[in-house]
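Structure record follows, encoded as structure tokens.
The values are calculated or read from the model by the stated rules, or taken from the named source; none is laboratory data. Fair warning: this is a prediction, and the values are worked out from it, not measured in the lab. Cβ sites come from the backbone with ideal geometry, for glycine too, and all protein chains shown count toward neighbours. Just the protein is used for accessible areas: all its heavy atoms, side chains included, with ligands, DNA and RNA removed. Shrake-Rupley method; radii C 1.70, N 1.55, O 1.52, S 1.80 Å.
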Amino acid sequence: QGIPTRPEHVLITTGSQQAQWLVMNLLLHPGDTVVVESPTYPGTLELLRALKVNIVSISVDTEGMQVDRLEEILLAHRPALIYTIPTFQNPTGVCMSGYRRRQLLDLARRYAVPILEDEFVGDLRYEGHSQPALKALDTDGTVIYISTFSKMLMPGLRVGYIVADGPVFDHLVALKRLNDIATSNLIQRAL
């Protein structure tokens, strides 16, 4: 995906749903606000509701999240996190344009809001060219990237991962140990 990283910045998870859970449990507190695309993955909405956070939606069009509306949301709500599926957005299937990806990163940096990039099917392209992952464009650790092998190979595989930088990575590792100690070695070997 063009992400400059090293193995010590990759945390193996039990699917991308656990990756979401870990990131959101680490970064969010009840009453915080999260910006999500509308529509978005229902499982994410369920998780956010369970965490008792406020959800602010931003519409999706043929170029992905309507980032031109984001700054007013950032000013009005001061969110703790932006959650996006920029590549083959779920459920619409649209891909965020390169211009909007750079615009999103710029706004997130200016307002010091982390981005959780969920790229669960980025490798399933049949035509056209792919845009770089937000994390590939990230120069300062603003983006936490999650993905999974479940969609590419088989849904029951349940192996995903998180790519993160800085202290947040160490906190995610500690939270993962509390959650399940480790993702199945047998499943990882099979993969």
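Mind checking region 17-108 for trypsin sites (Lys or Arg not before Pro) that DSSP puts in a loop (not H, G, I, E or B) and that have at most 11 other Cβ atoms within 10 Å?
The qualifying sites are Lys52.
In Å, what is the Rg of the alpha-carbon atoms in the chain, and how long is Dmax?
When restricted to Cα atoms, the chain yields Rg and Dmax of 15.7, 47 Å.
Output the antiparallel fraction of DSSP beta bridges having both residues in the chain, as a percent to the nearest 5.
DSSP beta bridges in the chain are roughly 40 percent antiparallel.
Give a residue-ordered list of calculated ³J(HN,Hα) values for region 176-188 (Karplus: 6.51 cos²θ - 1.76 cosθ + 1.60, θ = phi - 60°; whole Hz; x for Gly, Pro).
For region 176-188, the Karplus curve yields 4, 4, 5, 6, 8, 6, 6, 6, 3, 5, 4, 5, 5 Hz.
Taking amide H positions as placed in the peptide plane 1.01 Å from N, state which residues far from Asp32 in sequence (5 or more) or on other chains have amide H under 5 Å from it.
Residues meeting the amide H criterion: Asn54.
Work out from phi, with θ = phi - 60° and the Karplus expression 6.51 cos²θ - 1.76 cosθ + 1.60, the ³J(HN,Hα) of each residue of region 18-31, listed in order in whole Hz, and give x for Gly and Pro.
Each residue of region 18-31 in turn: 5, 4, 4, 4, 4, 4, 5, 5, 6, 8, 10, 10, x, x Hz.
With the other protein chains left in place, how much accessible area per residue, in square angstrom, belongs to region 60-150 at a 1.4 angstrom probe?
For region 60-150, the solvent-accessible area averages 43 Å² per residue.
Excluding residues on the same chain fewer than 8 positions from Lys151, give the lysines whose Cα lies under 26 Å from its Cα.
Lys135, Lys176
May I ask you to rank Leu75, Leu157, Leu137 by accessible area, largest first, using a 1.4 Å probe over the protein chains only?
Solvent-accessible surface, decreasing: Leu75, Leu137, Leu157.
Using the Cα gyration tensor of region 1-95, with a ≥ b ≥ c the square roots of its eigenvalues, what is the shape: rounded (a/c below 1.5), prolate (a/b larger than b/c) or oblate (neither)?
oblate
Using a 1.4 Å probe on the protein chains only, how many percent of the accessible area of the chain belongs to carbon and sulfur?
Percent of accessible area from carbon and sulfur atoms in the chain: 54.
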